Amino acid sequence: MKRSILTALALILVLSLGLAGCKSSSESTGGKGSSGGDGGGVMIYGRGGDAVGLDPAHETDGESFIVTEQVMETLTGYKKENTDVVPELAKSWKISDDGKTYTFTLEKGVKFHDGTDFNADAVVKNFDRWMNGDAAKFPYYASMFGGYKNDPGHVIKEVKAVDENTVKFTLKRPQAPFLKNLAMSPFAISSPAAIDQYGDKYGEHPVGTGPFKFKEWKRGDTISVVKNEKYWQKGLPKLDGVTFKVIKDNSSRLNALTKGEVDLIDGVNPSDLDKIKSDKNLQIFERPSMNVAYFGFNVEKAPFNKKEVRQAISHLVNKDELIKNFYNGTAEPAATPLPSSIAGQNKDIQDYGYDEAKAKELLKKAGYPNGFKMDLWAMPVSRPYMPNGQKIAEAIQANLAKVGIKANIVTFEWGTYLEKLRKGESPAFLIGWTGDNGDADNFLYALLDKDTIDSNNYARYKSEPVHKLLIEAQSTADEGKREELYKKAQEIIHEDAPWVPLVHAKPQLAGVNSIKDFYPHPKGSQSFIDVSMK
Amino acid sequence: MFSYTIRRIGLLIPVLLGMTFIVFMMIRAIPGNPAQLILGQQASKEAIETLTKQLGLDQPWYSQFVHYLTGLFQGDLGTSLKTRTPISDELWPYLAATIELSLVAILIAVVVGVNAGIISAWFQNSWFDYAVMLIALIGVSMPIFWLGLMEQYFVSIKWDLLPTTGRDNIRMPVEAITHLYLLDTLLEGRFDQFIEVVKHLILPGIALGTIPMAIIARMTRSSMLEVMRSDYIRTAKAKGLKMFWVVYKHSLKNAMIPVITVIGLQTGLLLGGAILTETIFGWPGVGTYIYEAIQSRDYPVIQSGILVVATLFVLINLFVDILYAAIDPRIKY
């Protein structure tokens, strides 16, 4: 009796499980690629985090920008594969000989999604709004244009509408990366009517001229944009819309892609690349690098105030090993701070190369034949340029030990870490940088000029010759000449070795095979204007 | 009974106030400046200072606390430092997602856990009993992260039965009304979407429900064993009652009191503790919401988020206490 009931119960359990399985399988209508029409359909983009807000001038994070770039456009734009400037909402421009006046001719007949005309007045209103703001409201504006309206460092003297389709920028002094700054996502042009209408809530209702219109935001979950049927460039966009879906975990995001629930994902674990390559339904996209990871020295602190010590350590970092072990091959060894996507990278610089004997020799010359003890600071968070700061620190620590340098790994909470680096409290540290506007100035001046000590020059590197070159490059309009200046600066920096530039990482994306004409942009986000799914 | 309920609700206020104070002090003890984390690595010193001032973070802690409390008493949960959106606007969709998932998880846990526990007790020391207890042991110690990824790999990808992530099919999204999608799809009369939502709930529901399921099964078993040794059960058996009724009617009712306590506690825990499940299954729930707020030191969100979850937790336990009286007439308040 007892046994038979038991068996029956077990049977019921098994049967019900089986039935549940069958039932679901008959209901599951294949989710794979519901794209229809000609290259259209809605593309689902899986990513690791949600946007913070959708008023780009207000934000600093890539997850916000990748959405606003679908909805809004900038005066100038970037080429698909690098950061050379191309026309966008401005059809053409003229630069005065003194480099202080920029006259832009705007595209005609462009309308914002709310029906407002895009014209010179709209451009003026956007700039007025930003320059009357403050660091809490429009943080990027001050970083790129030297402050706000009444600040002495503010570069823009005046923005004036000459006529309906011409707008003139007068600068207080020449700013070489000006056109590149205008191409940055935070300076996309919004509909002035929408800004007035929504006020503080504009960040939830973005209105621009872009290929897609904002539709809906379910916080923490999805943001959807739909095709702008009246888009000013004929035949574009090709997709019917894009939906951004947050899936925090990298492995789950890949699972969702494999299952066909999403069409394109970012943040692919390098270790998953082989799995993706072996799946014939999927393809890999590689984003060109616009970042640098580096091992910096505080040149004011002993023993790193000695050039020979810094050079010796430069010989002790095995970049190829780091790339193999921690980036799974998805990075280039860095010989200079500049990645190859940025004009002005000096390709002639010979990297130090791994060489223990040379390192020992240099240490002897510096007066440390038996090495020394040091603190090595490691980043507590993962960033695209440095997926695992702790592990990389350990690898470097092991190599340093070979010549008697005993490195003690130290770390802090991320906000504190940055603050202490800025104050120069760290003797030697791992950190990195992702470019903003794609200009060499944004790397070399921002990170290694004597003016930026106490800011982002954590190495506190101070070189008069470098400073002279960088300042000259800032006020030179001729791009060819600027590149020469930056190349010279890189030579001096290489010799002084305030950092060991480690790698330029190339973030990996994966998508279904039907995705065509998708080019990940080095700056970290891009419009899906040309993308189609067939 | 009524006065008891009122008294208990009255007691909530000092409890929640104390908790608010502790949370307030704790998050300020963790290092990290919200302004720095909001503005990011590129931010200038001036920008960070300006923002710190604007957010009121340069004020002494007691005036910040008084400011926050004053807002609370006026029904204002504060504004997120990061998104600059009122928390009362932001919170509900996240909370609804978590409530829906937690209810499904606890439903799975109760149905499977209670029955497994009963049958184990009924057939004590049989192979079924050993199997259930072994599975329960594995269940308690199961890493959710691993379980979730395995579910996705086998159930979704290999066998193609259920979706991997999310609350709904993104290619036919649910129109949110109450943000409880099971309810929303029914209100809209979209049964196809309702089924989609149910399918999306199963895997995360199982992942989240595993640990409570195991705990409930063990609790039910031990409680049932105790009851089944009592005299009145022997009497019931002696008078020739069918074993099924002895177990499910006579024993269960008395054995349920400790089990219900556990169910109440577990439900409360699920509300705040679903972070891992939410992360793996792309679930936009309140656990992730608070976790991300902690990472960016979004003080008002942490405070108000925990306050709301804690309130729910206490209310569920109050409800459980009241339920005792309904189940067991010997208990009177």
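The values are calculated or read from the model by the stated rules, or taken from the named source; none is laboratory data. Keep in mind the model is a prediction, meaning the values are calculated, not measured. Methodologically, a virtual Cβ is constructed for each residue, glycine included, from the backbone with ideal geometry; neighbour enumeration extends over all protein chains shown. Accessible surface is based on the protein model in full, side chains and every heavy atom, while ligands, DNA and RNA are left aside. Shrake-Rupley method; radii C 1.70, N 1.55, O 1.52, S 1.80 Å.
Each residue of the range B:215-223 was assigned a 3J(HN,Hα) from its phi angle through the Karplus expression (A = 6.51, B = -1.76, C = 1.60, θ = phi - 60°), giving 5, 5, 4, 5, 5, 4, 4, 5, 5 Hz with x at Gly and Pro. Each of B:Ala131, B:Val314, B:Ala255 was scored by the projection of its Cα onto the charge dipole of chain B, and the greatest displacement toward the positive side belongs to B:Ala255; charges sit on the C-beta of Lys, Arg, Asp and Glu.
Applied to the range B:119-135, the Karplus parametrisation 6.51 cos²θ - 1.76 cosθ + 1.60 on θ = phi - 60° returns per-residue 3J(HN,Hα) values of 5, 4, 5, 4, 9, 4, 6, 8, 5, 5, 4, 4, 4, 4, 5, 5, 4 Hz, with x for Gly and Pro.
Computed over protein heavy atoms with a 1.4 Å probe, the carbon and sulfur contribution to the accessible area of the protein assembly as shown reaches 58%. Amide H to amide H distances under 5 Å link A:Gly46 with A:Lys245, A:Asp263, A:Leu264, A:Ile265, A:Asp266, where only residues 5 or more positions off or on other chains count and H is placed in the peptide plane.
Within the straight-line cut-off of under 27 Å between alpha carbons, the lysines reachable from B:Lys332 are B:Lys249, B:Lys253, sequence neighbours fewer than 8 places apart in one chain being disregarded. Computed from point charges on the beta carbon alone (+1 for Lys and Arg, -1 for Asp and Glu), the dipole magnitude for the range A:380-474 about its Cα centre is near 520 Debye.
Solvent-accessible surface of chain B, taken per residue with a 1.4 Å probe and all protein chains present: 46 Å². Compute accessible area for the range A:400-448 by itself and then with all protein chains, 1.4 Å probe, and report residues whose area falls by 50 Å² or more. Listed by number, the residues meeting the 50 Å² cut-off are A:Glu413, A:Arg422.
Note on chain A: Rg/Rh from Cα positions, Kirkwood definition for Rh, rounded to two decimals, is 1.04. Shown here are the Rg and Dmax of the Cα trace of the range B:143-269, at 20.6, 61 Å. For B:Thr79, the amide hydrogen comes within under 5 Å of the amide hydrogens of B:Ile87, counting only partners 5 or more places away or on other chains and with H modelled in the peptide plane. Extending 7 Å from Cα along the Cβ direction at A:Lys201 and again at A:Asp279 yields two label points whose distance is 4.0 nm. The phi-based Karplus calculation (6.51 cos²θ - 1.76 cosθ + 1.60; θ = phi - 60°) puts the 3J(HN,Hα) values of the range B:278-289 at 4, 4, 5, 9, x, 9, x, x, 6, x, 5, 4 Hz, whole numbers, x for Gly and Pro.
Across all Cα pairs in the range B:240-333, the calculated P(r) in 5 Å bins from zero up to the longest distance comes to 3, 12, 16, 15, 13, 11, 9, 9, 6, 3, 2, 1, 0, 0 percent per bin. Rolling a 1.4 Å probe across all protein chains gives A:Lys275 an accessible area of roughly 120 Å².
Stokes-Einstein diffusion for the range A:119-169, with the hydrodynamic radius set to the Kirkwood value over Cα pairs and evaluated at 4 °C in a medium of 1.567 mPa s, equals 116 µm²/s.
Cross-link reach is defined here as a Cα-Cα straight distance under 18 Å, omitting same-chain residues fewer than 8 places apart; for A:Lys280 the aspartates and glutamates meeting it are A:Glu261, A:Asp263, A:Asp272, B:Asp160.
With the convex hull of the Cα atoms taken as the outline of the range A:276-328, the averaged projected area works out to 5.4 nm².
Quick note on the range B:1-126: its Rg to Rh ratio, both from C-alpha atoms and Rh being the Kirkwood radius, is 1.17. Across the range A:38-121, Cα-Cα pairs more than 17 Å apart make up 65 percent of the total. Seen through its C-alpha gyration tensor, with square-root eigenvalues sorted a ≥ b ≥ c, chain B comes out prolate because a/c lies at 1.5 or above while a/b is bigger than b/c. The range B:59-115 has equivalent-ellipsoid semi-axes of 36, 14, 9 Å, by the square roots of 5 times the alpha carbon gyration tensor eigenvalues, sorted largest first. Can you list the residues, at least 5 places off or on another chain, whose amide H is less than 5 Å from the amide H of A:Glu73, using H built in the peptide plane? Counting only residues 5 or more places away or on other chains, the set is A:Ile189, A:Thr209, A:Gly210. Note on the range B:191-333: dipole from Cβ charges, positive end direction compared against B:Gly205, B:Tyr299, B:Val286; the farthest Cα belongs to B:Gly205.
Each Lys and Arg contributes +1 and each Asp and Glu -1, all at the Cβ; summed about the Cα centre of the protein assembly as shown, the dipole is approximately 2740 debye. Which is farthest toward the positive dipole end of the range A:422-461 among A:Ser455, A:Asn442, A:Gly424, measuring Cα position about the Cα centre, with Cβ charges +1 (Lys, Arg) and -1 (Asp, Glu)? Highest projection toward the positive end goes to A:Gly424.
Annotation for the A:B interface, with buried accessible surface near 5000 Å², both sides summed [1.4 Å probe; non-protein components not counted]. The separation of the range A:364-438 from the range A:458-523, counted between C-alpha centres, amounts to 21 Å. Heavy-atom accessible area with a 1.4 Å probe sorts A:Ile529, B:Ile138, largest first, into B:Ile138, A:Ile529. Sparse packing (at most 13 other Cβ atoms within 10 Å of the Cβ) combined with a DSSP loop state is found for the following trypsin sites (Lys or Arg not before Pro) in the range B:225-283: B:Arg229, B:Lys239, B:Lys242.
Calculated mean residue ellipticity at 222 nm for chain A: -9500 deg cm²/dmol, from DSSP H runs with n ≥ 4 weighted as -39500 (n - 2.57), summed, divided by the residue count and rounded to 500. How would you classify the range A:80-185 from its alpha-carbon gyration tensor, with a ≥ b ≥ c the square roots of the eigenvalues: rounded for a/c under 1.5, else prolate if a/b is greater than b/c, otherwise oblate? Verdict is rounded for the range A:80-185.
Checking the cross-link pairs A:Lys227/A:Lys516; A:Lys80/A:Lys248; A:Lys137/A:Lys172; A:Lys306/A:Lys360 against a 19 Å limit on the alpha carbon distance flags A:Lys80/A:Lys248; A:Lys137/A:Lys172 as lying beyond it.
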